[in-house]
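The structure appears right after this line, and notes come after that.
Here, each number is a calculation from the coordinates, and none is a lab measurement. The shown structure was predicted, so the numbers you read here are calculated from the model rather than taken from an experiment. Note that we place each Cβ from the backbone using ideal geometry, even for glycine, and neighbour counts take in every protein chain shown.
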Ligand SMILES: Nc1ncnc2c1ncn2[C@@H]1O[C@H](COP(=O)(O)OP(=O)(O)O)[C@@H](O)[C@H]1O
Ligand SMILES: [Mg+2]
């Protein structure tokens with residue numbers, strides 16, 4: 001009984017480590033080929049449009065409403081102890097460091113990651129990946145490299161955009177609805193928000209972009225069993241990449257807090 | 001050109017290839033026939049390294065391709081084209097982009113010259129003027145011919161055809177058969193044709209190999225095949241589902 005329990009745990013650990021290895025190998029392969037082979041500019045620009053340009057609405061809406069609601073909730077609590085004008089500082093630091101990168105990454109993994117694994121997965125089950133290989137094109141060069149580069153460029157920019165709209169929305173809510181003094185609000189916000197908060201947010205976004213793109217492309221490339229398989233791969237890609245974002249965020253916060261400590265000094 | 005030695009492949013529990021021995025000389029057309037599900041497509045995919053065998057050797061123009069990395073295989077794949085059984089067209093590209101794909105990947109940038117090449121092969125497969133269609137709006141036979149056009153546009157020295165005529169009407173089938181012969185005569189192209197259409201096999205084949213239970217059961221010219229009185233072969237030729245000797 002106990003032996004079987006440990007065998008089961010061991011087996012799933014082996015599966016997990018092997019999965020991790022495969023994703024890391026895919027990433028290594030992609031970076032190698034990005035540096036040693038010519039880039040397909042047309043595909044890269046297509047992906048920039050698909051990932052960067054077309055995700056903006058989603059990210060702006062996410063950032064705006066999160067900023068607004070976070071400002072309101074913070075104010076409700078802070079106002080009780082007479083610190084209503086400190087709302088701006090709390091909101092902007094939280095958006096820069098945590099909310100914008102994590103929420104943008106979750107939205108992007110739902111919007112772009114799902115599409116990636118579905119598209120690549122469909123190509124896999126309809127022999128189009130084999131056709132690429134047969135035509136002397138290495139699938140990683142053709143499919144993964146443009147997506148990975150576009151993601152690494154887009155994610156930090158999308159997060160910066162999310163931060164911007166979050167702060168604007170929180171400011172508007174603060175002075176229009178919550179009736180906080182705008183000058184105090186801005187002053188507090190600017191005093192407590194530093195460049196390092198912005199750097200921390202965008203560097204997290206860069207890491208999240210890498211996680212999403214390789215998890216989703218790997219799911220696509222290993223798809224099997226027809227339409228059901230594509231559906232399964234897509235769901236798994238979104239679930240796994242979202243969890244990876246949330247879990248890695250904790251460790252990134254802890255690590256980056258050593259380099260870019262929070263708070264005014 | 002191609003030599004296969006003791007090729008073995010099992011997928012899961014099922015042993016699909018059990019020691020295939022095959023030789024294809026430069027410029028000849030070898031036809032592989034066999035029952036549906038007998039491993040013909042699997043064998044063909046091994047010949048350009050799309051699948052890795054469990055054991056055996058595959059020599060393509062003097063190099064053993066077993067154990068080569070994907071990157072090393074690209075050199076082989078530039079010389080050997082393949083027509084997939086399903087066509088395997090890129091479904092997000094037009095017919096023209098599908099056919100031009102190998103040229104573009106080979107670094108060709110001259111749009112005009114590329115279009116001329118595309119129109120030329122479209123004419124060869126009798127699909128003039130279908131350039132702008134998407135694969136999903138083509139019939140199965142048309143898809144297969146687009147796949148064929150894509151496989152031959154770079155003029156490979158060897159082409160592998162997976163059931164080029166199945167699902168086509170007799171007239172188009174005949175023109176595909178003629179095309180295979182013509183490519184061989186004009187460009188000395190080596191061909192391996194998988195089919196279960198005996199008429200096509202006799203028409204295009206210099207030699208015919210019969211794949212049975214994972215091995216090459218018979219090899220010879222079309223005439224030799226017809227004279228062969230082995231019951232298994234006779235059953236296949238006559239399309240009997242039960243041996244007459246039973
Ligand atoms: N990717 C695969 N996974 C599992 N089994 C496969 C795969 N490809 C082919 N097979 C099996 O191998 C056998 C031979 O298939 P195939 O080569 O397609 O036959 P055919 O001679 O009709 O072309 C079949 O039984 C098929 O089920
Ligand atoms: Mg087949």
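Sorted from largest to smallest, which semi-axis lengths in Å does the alpha carbon gyration tensor of segment A:175-234 give for its equivalent ellipsoid, taking the root of 5 times each eigenvalue?
On the way: eigenvalues 409, 58, 3 Å².
Working through the eigenvalues yields semi-axes of 45, 17, 4 Å.
Treating each Cα of segment B:92-205 as an identical point scatterer and ignoring solvent, apply the Debye formula and state log10 I(q)/I(0) at q = 0.12, 0.17 Å⁻¹.
Normalising to I(0) and taking log10 leaves -0.41, -0.82.
What average count of beta carbons from other chains do you get within 10 Å of the Cβ of residues in A:140-146? Before the final figure, lay out each step's value.
Working: counts 2, 4, 1, 0, 0, 0, 0.
Partner Cβ neighbours, averaged per residue: 1.
For chain B, what is the mean residue ellipticity at 222 nm derived from helices alone (per DSSP H run of n ≥ 4: -39500 (n - 2.57); sum divided by total residues; nearest 500 deg cm²/dmol)?
Details: 9 runs with 95 residues, N = 246.
Computed mean residue ellipticity for chain B: -11500 deg cm²/dmol.
For residue B:226 and residue B:123, what is the calculated FRET efficiency with R₀ set at 30 Å and r taken between the beta-carbons, to the nearest 0.05?
Values: r = 35 Å, r/R0 = 1.16.
Calculated transfer efficiency: 0.30.
How much length is gained if the chain between residue B:199 and residue B:15 is pulled fully straight, taking 0.36 nm per residue apart and subtracting their Cα-Cα distance, in nm to one decimal? Each step should come with its number before you reach the end.
Values: separation 184, 0.36 × 184 = 66.24 nm, distance 2.93 nm.
Extending this stretch completely gives an extra 63.3 nm.
So what's the angle, to the nearest 10 degrees on a 0 to 90 scale, between helix A:114-125 and the longest Cα principal axis of chain A?
Tilt of helix A:114-125: around 0 degrees.
Please state the equivalent ellipsoid semi-axes for segment A:122-242: what are the square roots of 5 times the Cα gyration tensor eigenvalues, largest first, in whole Å? Mind showing how you got there, number by number?
On the way: eigenvalues 377, 51, 20 Å².
Three semi-axes, in Å: 43, 16, 10.
Using 0.36 nm per residue of separation minus the Cα-Cα distance, give me the extension gain between residue B:111 and residue B:72 in nm, one decimal.
Details: separation 39, 0.36 × 39 = 14.04 nm, distance 2.91 nm.
In short, 11.1 nm is gained.
Taking all pairs of different Cα atoms in segment A:114-153, averaging 1/r and flipping that mean, what Kirkwood radius in angstroms comes out?
Values: mean 1/r = 0.0945 Å⁻¹.
Every distinct Cα pair counted, the radius reaches 10.6 Å.
Using the number of other C-beta atoms within 10 angstrom as an exposure proxy, rank B:229, A:29, B:162 with the fewest first.
Numbers: B:229 7, A:29 17, B:162 24.
If I rank by nearby Cβ atoms, fewest first, I get B:229, A:29, B:162.
Counting each pair of different Cα atoms once, what's the Kirkwood radius of the protein assembly as shown in Å, rounded to one decimal? Present the calculation step by step, with values, prior to reporting the outcome.
Details: mean 1/r = 0.0377 Å⁻¹.
Value: 26.5 Å, from the Cα pair sum.
Along each of the three principal axes of the Cα atoms of chain A, give the extent in whole Å, ordering the values from largest to smallest.
67, 57, 34
I want the antiparallel fraction of DSSP beta bridges within segment B:2-238, as a percent rounded to 5. Walk me through the numbers on the way to the answer.
On the way: 20 of 38 bridges.
In segment B:2-238, DSSP labels about 55 percent of beta bridges as antiparallel.
Percent antiparallel among DSSP beta bridges with both residues in the protein assembly as shown, to the nearest 5?
On the way: 20 of 38 bridges.
Just about 55 percent of them are antiparallel.
Starting from the Kirkwood radius over alpha-carbon pairs of segment A:39-190, derive D by Stokes-Einstein at 25 °C in a medium of 0.890 mPa s and give it in µm² s⁻¹.
Details: Rh = 17.3 Å.
Estimated via Stokes-Einstein, D reaches 142 µm²/s.
Take the alpha carbon atoms of segment B:32-75, find their center, do the same for segment B:135-184, and report the distance between the two centers in whole angstrom.
Using only Cα atoms to place each centre, the spacing works out to 21 Å.
To make sure I understand, if each residue's beta carbon is the centre and we count other beta carbons within 10 Å, what order do A:5, A:76 fall in, fewest to most? Write out the running numbers ahead of the final one.
Working: A:5 9, A:76 12.
Ranking A:5, A:76 by Cβ neighbours within 10 Å, fewest first, gives A:5, A:76.
If I model a spin label at residue A:253 and residue B:240 as a point 7 Å from the Cα along the Cα→Cβ vector, what separation in nanometres do I get?
7.8 nm
Can you tell me the orientation of helix A:2-36 relative to chain A, as the angle in degrees between its alpha-carbon axis and the longest Cα principal axis, to the nearest 10?
90 degrees
Can you give the extra length, in nm with one decimal, that the chain gains between residue A:225 and residue A:65 once fully stretched, where that is 0.36 nm per residue apart less the Cα-Cα distance?
So the chain would gain 53.6 nm between residue A:225 and residue A:65.
For segment A:101-179, compute Rh as the Kirkwood radius over C-alpha pairs and then the Stokes-Einstein diffusion coefficient at 10 °C and 1.306 mPa s; write the answer in µm²/s, rounded to an integer. Before the final figure, lay out each step's value.
Values: Rh = 15.2 Å.
The estimated diffusion coefficient comes to 104 µm²/s.
What number in nm² do you get for segment A:27-102 if you take the convex hull of its Cα atoms and divide its surface by four?
On the way: hull surface 28.1 nm².
Taking the Cα atoms of segment A:27-102, their convex hull projects to 7.0 nm² on average.
To make sure I understand, if each residue's beta carbon is the centre and we count other beta carbons within 10 Å, what order do A:45, B:89 fall in, fewest to most? Mind dumping the intermediate values first?
Details: A:45 12, B:89 28.
Final ranking by Cβ density, sparse to dense: A:45, B:89.
Can you give me the Cα centroid spacing of segment B:201-240 and segment A:114-183 in angstrom?
When both Cα centres are located, 56 Å separates them.
May I ask you to order B:147-154, B:181-188, A:119-126 by the average number of other C-beta atoms within 10 Å around their residues, highest value first? Intermediate values should be presented prior to the final figure.
Working: B:147-154: 24.4, B:181-188: 13.8, A:119-126: 22.0.
The packing order, highest mean first, is B:147-154, A:119-126, B:181-188.
On C-alpha positions alone, give me the angle between the axis of helix B:95-105 and the longest principal axis of chain B, in degrees, nearest 10.
So the inclination is approximately 90 degrees.
Let's test the formula: R0 of 51 Å, r as the Cβ-Cβ distance of residue B:25 and residue A:14. What FRET efficiency results, to the nearest 0.05? All intermediate terms of the calculation are to be shown ahead of the outcome.
Numbers: r = 48 Å, r/R0 = 0.94.
So, using R0 = 51 Å, E works out to roughly 0.60.
Kindly state, as a whole number, the per residue volume in cubic angstrom of the convex hull around the alpha carbon atoms of chain B.
Working: hull volume 33.3 nm³, N = 246.
In chain B, the Cα convex hull volume per residue is 135 Å³.
Dividing the Cα radius of gyration by the Kirkwood radius, what Rg/Rh value follows for segment B:85-133? Each step should come with its number before you reach the end.
Details: Rg = 10.7 Å, Rh = 11.2 Å.
Reported Rg/Rh (Cα atoms, Kirkwood Rh): 0.95.
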